[in-house]
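What follows is a set of notes on a single structure, which appears directly below.
Readers should treat all values here as calculations from the given coordinates under stated rules, not as data from a laboratory. Predicted, not measured: the structure shown is a model, and the values here were computed from it.
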Amino acid sequence: MLALSVALLPVVSAAQERPVSTASGASAPTAAATWIKAPRVRGRLAPAELGLVINTADPYSVEVGAFYAQARQLKPEQILRVELPVKPALTATEFEQLAAQVREHFGTPGDGPIQALALAWRQPYAVACHSITGALALGFDAGLCRRTCAPSQPSTYFNSASARPATDHALRPSMLLAASNVEAAKTLIERGVAADGRLGLRGAPPVIAHFEVTDDRVRSVRQRLFPPSGTLPRLGVQIRSGVHQPPSPDDRVLLYLTGASRVSGLDDIEFVPGALADHLTSFGGWLEGGQGQMSVLAWIAAGATASYGTVSEPCNHLQKFPHPQVLLLHYLQGSTAIEAYWKSVAWPQQGLFIGEPLAAPFAR
């Protein structure tokens, strides 16, 4: 058991906050890295607790949703079919109609068995300045769109021990089954299923958790949260933190976090099934690309199983991006990808979670 308990994120003040869409600069030195504490997790999300939402107006959604339901053996009552416009962002009115359908079918959070949602589409991925995953969990806040760099609603699920977010925290985390096309989405789903229980086994080859510092000081703000480099021998995980080079082609990569608007050489990285990867920039959650920044879909195309990016200018608040150690420590305890990623973001309203939700490589 890793030594774990709740730790608060450092707060970025209004004077310190910087837009991450254009700002850059050399990385400043940081104090020696230390491990935080996180709670011992109590179980993990089961397939029977996941709801699947399919957009009948989107052929991608219909085919990918059917494939996912079969892959995870979901029952008919776990599936909701809706009709949504296929476009990047919903209006507040369109979103409220979707949210009402979700509540009607699955009940309010805490009412019934469904604890989290898989959304079987690529678009829509936003609701005005919110991500669709953030809005479904925490609701729509028009005030946030007037100042997207402001602090947003905190998530009580952050760094939580709970395996039942709807019951214990009155929110349902969701994740988009998003990829560049239908076949890529099916491959993503297969990676997630193949990941279950495959890591941390005696005699298995080691995997790498790679935390990269770049020369972009503003986008590398998470380096103060990186864990110390070293090896977790019982789990077969090597931690590489603070290096300025990407993983080598020989590495079996479990986790890759970096601060950059674009990441080169992704095709040379060997991501293991269940791998998590993201880059801290302003518009990584724009799935069609924009502002000259890489979409998080690039991580999925390269072989990652889940990723995260914001859909509106968040400034470089640490709370709006995955906490590196919280993400890793929950995943290593057997949490699913959707649980580990959602528990790592303190203010998730602007952040889009994509990937195969139930992947759990350290599950036992």
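Structure notes:
- Largest-first principal axis extents of the Cα set of the stretch 229-292 (Å): 42, 23, 18
- Mean projected area in nm² (Cα convex hull; one quarter of hull surface) for the stretch 150-199: 5.9
- Note on the stretch 73-129: Rg/Rh from Cα positions, Kirkwood definition for Rh, rounded to two decimals, is 0.97.
- Residue of Gln291, Gln333, Gln350 that the Gaussian network model of the chain assigns the largest fluctuation, springs spanning Cα pairs under 10 Å: Gln291
- Extended-chain gain in nm, criterion 0.36 nm per residue less alpha-carbon gap, Arg81 and Ala170: 29.8 nm
- Surface/4 of the Cα convex hull for the chain, nm²: 15.9
- Three-way shape label, the stretch 180-254, alpha-carbon gyration tensor, a/c 1.5: oblate
- Quick note on the stretch 86-241: its Rg to Rh ratio, both from C-alpha atoms and Rh being the Kirkwood radius, is 1.01.
- Convex hull volume of the C-alpha atoms in the stretch 320-364, normalised per residue: 55 Å³.
- From helices alone, the chain scores -6500 deg cm²/dmol at 222 nm; the rule is -39500 (n - 2.57) for each run of n ≥ 4 DSSP H residues, then divide by the residue total.
- Eigen-decomposition of the gyration tensor built on the alpha-carbon atoms of the stretch 278-363 gives equivalent ellipsoid semi-axes of 21, 15, 9 angstrom, largest listed first.
- For the stretch 210-322: Kirkwood Rh in Å [reciprocal of mean 1/r, alpha carbons]: 14.3
- Over 23 Å (Cα to Cα) - which of Lys186/Lys320; Lys75/Lys186; Lys87/Lys186; Lys37/Lys343; Lys320/Lys343 fall in this group: Lys186/Lys320
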